[in-house]
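The values are calculated or read from the model by the stated rules, or taken from the named source; none is laboratory data. In this text the structure is predicted, and so the values were computed from the model without any measurement. To get the accessible areas, we keep the full protein, side chains included, count just its heavy atoms, and leave off ligands, DNA and RNA. Shrake-Rupley method; radii C 1.70, N 1.55, O 1.52, S 1.80 Å.
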Amino acid sequence: MGCCVSTSSRSTCSSRSRGEAVSPLCFEIRFCGTKRTKRTFSDHVITLQNLPFVPNRIFTNGKSRTSCIFTQQGRKGINQDAMIVWEDFMSEDVTFCGVFDGHGPQGHLVARKVRDALPLKLLSSMHSYQLRQNGTGGACLKGNLKKSDGFPEDRLNCLWKETFMKSYKAMDKELRSHPNLDCFCSGSTAVTVVKQGPNLFMGYIGDSRAVMGSKDSNGSMVAIQLTVDLKPDLPREAERIKKCKGRVFALQDEPEVPRVWLPFDDAPGLAMARAFGDFCLKEYGVISIPEFSHRLLTERDQFIVLASDGVWDVLSNEEVVEIVSLAPTRSSAARILVDSAAREWKLKYPTSKMDDCAVVCLFLDGKMDTESDYEEQGLSSATVQSNHSGKAIETDDGQKSELYLPRNFMVSSSEESDSYGRVAAEFEGNVDAVSTEDQNWSGLEGVTRVNSLVQLPRFSEERPNP
C-alpha cells in the first residue's frame, strides 16, 4: 500500500520537487462539482517527502491554532514516541491528532512511520468513498455533517468506523512488507482522534490513552476517559490470545503487568494486546484491529488530552485534566504536563528509568492564547510559532529530531503550584545531556519500571518445527 493521496490527475505544485514550501493554491480541489477556495483534500499527490510542508500540520514540539504538543525523551534510550496534529485535515472543520508509542529495537522508526502514513491512509479511504459517492450522485462530505445535510449521523459513524478499520489494516500490511523496517519484534501503539464539527471519532490500539476535560453541572472540571488501555489481561483480549496459542501472564517481580508470550519461548513479553508491527506475535493473538468509538461533543467539553503511557504510568486522569486546565497558557499545557510527569517519575520511581512522554492537547473551542499571554512570560507568540514552522532536522540515521521550546521562562506561580501540586514551579535551564551511546534503543537494559518488551525471541522469522 503506497503512502500517497491524490485527488486529481493534474498537479500544479511545481515547487514540490525542489523542496520548497507548497503554495496554498496547491490545496484546492474540485469538491462536489464546484471549486472551493478552502483547503480540503490535496490537489496534488501528498507523499512522505513533502509532508513537512503541508500547512496546518505539526509533529514537533509547539502549537497550532487549536492545540499544543510536546514530547520528551526518557531514560531508556532514543525517544520512541511520536505525535501529530493536522488541522484542516480533509476540510476546514476537521482535525486529526494522534500519539504513537514505539517499542522494540526499531520502535522509534515504526512510531514515526505510522505517524506519517496512517493519516494519509485515512485520507485515501475517505477520498475513495468521495469518488464513489460522486459517481452515484451521493451526498458530499462536509466538515460538520448533520441529518439536515442528507447524511444521517449513524451513517457518518459507520463510514468513519470502516475508514479506521481499513486504514489500520493497510498500515500494518505496509509495515509487514516494508523493505527497510524490521517490525518482527518492533511495533507501536496508536491513539488517533478525528474531530469533525461536533463529532469525535476515535480509533486506537495499545495502551496510549485519550482523556477529555469537561465541566459538570456545577461547573467543576471532570475527567472522562475516552479510550480503553488494551492490556493482555482484559477478558476479551486474553481469550483471543489464548485461543491462538499465545500465553498471558505477569512476571513475579512485576505482578501488575500482564504480558503476551510465545507458546514455545518466554519471549517477547509484550505488555499490550494490540499493536502495529510485532509480527512475531501476530499468529498468536496480538492484532492491529482498532477499537472504534464515536462521541458527540457538547458545550461543556473543554479539551482532549492524548498521551503515551509514560504520562499515565505516573499521573491519573483527574491529575492530567487538572494540570491542563490550570496551565497559565494553553500553549504551555502539553509542556507543563510532560514536566509534571517527569517530576512524578523521580518521586514515585527514583530507581527506575523514566519512560518517554508525548502529549497532545486539543482545545475544543478552537481558541489558543493571545499575544498578552506570551508577553506575561517574556516570550512572543512569533517565538513559539517559529519552533514548529520549520523543517525537522534530519539526523545521521535518517530520523527527524524534535524541536523544543525555550526552557528559560516561568510557567506557574507558587500559588498555582500549591493549588494542584503537580505543575513544576520553574523549568530547568538545561536538558540533561544524553550521551551518544545512549541514543541506541536500550529498553531491555538497566533498571526500569515497565518495559513494553522483556526480551527478544531466540529464533529468526522462521517458525520452529512442531
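For GLU283, GLU153, write out the residues from largest to smallest accessible area, computed with a 1.4 angstrom probe and no ligands counted.
Largest to smallest exposure gives the sequence GLU283, GLU153.
Quick one: which residues, 5+ away or cross-chain, put their amide H under 5 Å from the amide H of PHE184? H built at 1.01 Å from N.
Result for PHE184 returns PHE279.
So, for region 174-227, what is the accessible surface per residue at a probe of 1.4 Å, expressed in square angstrom?
On a per-residue basis, 30 Å².
Using a 1.4 Å probe on the protein heavy atoms, what percent of the accessible area of region 253-349 belongs to carbon and sulfur?
49
Could you put ARG259, ARG155, ARG132 in order of accessible surface area, largest first, with the 1.4 Å probe and the full protein assembly present? The partial results should precede the final answer.
Working: ARG259 0, ARG155 95, ARG132 120 Å².
So, going from the largest accessible area down, we get ARG132, ARG155, ARG259.
Can you list the residues, at least 5 places off or on another chain, whose amide H is less than 5 Å from the amide H of LEU364, using H built in the peptide plane?
PHE303, ILE304
Provide the per residue accessible area, probe 1.4 Å, for region 72-135, rounded to a whole number of square angstrom.
Here the residues of region 72-135 average 21 Å² of exposed surface.
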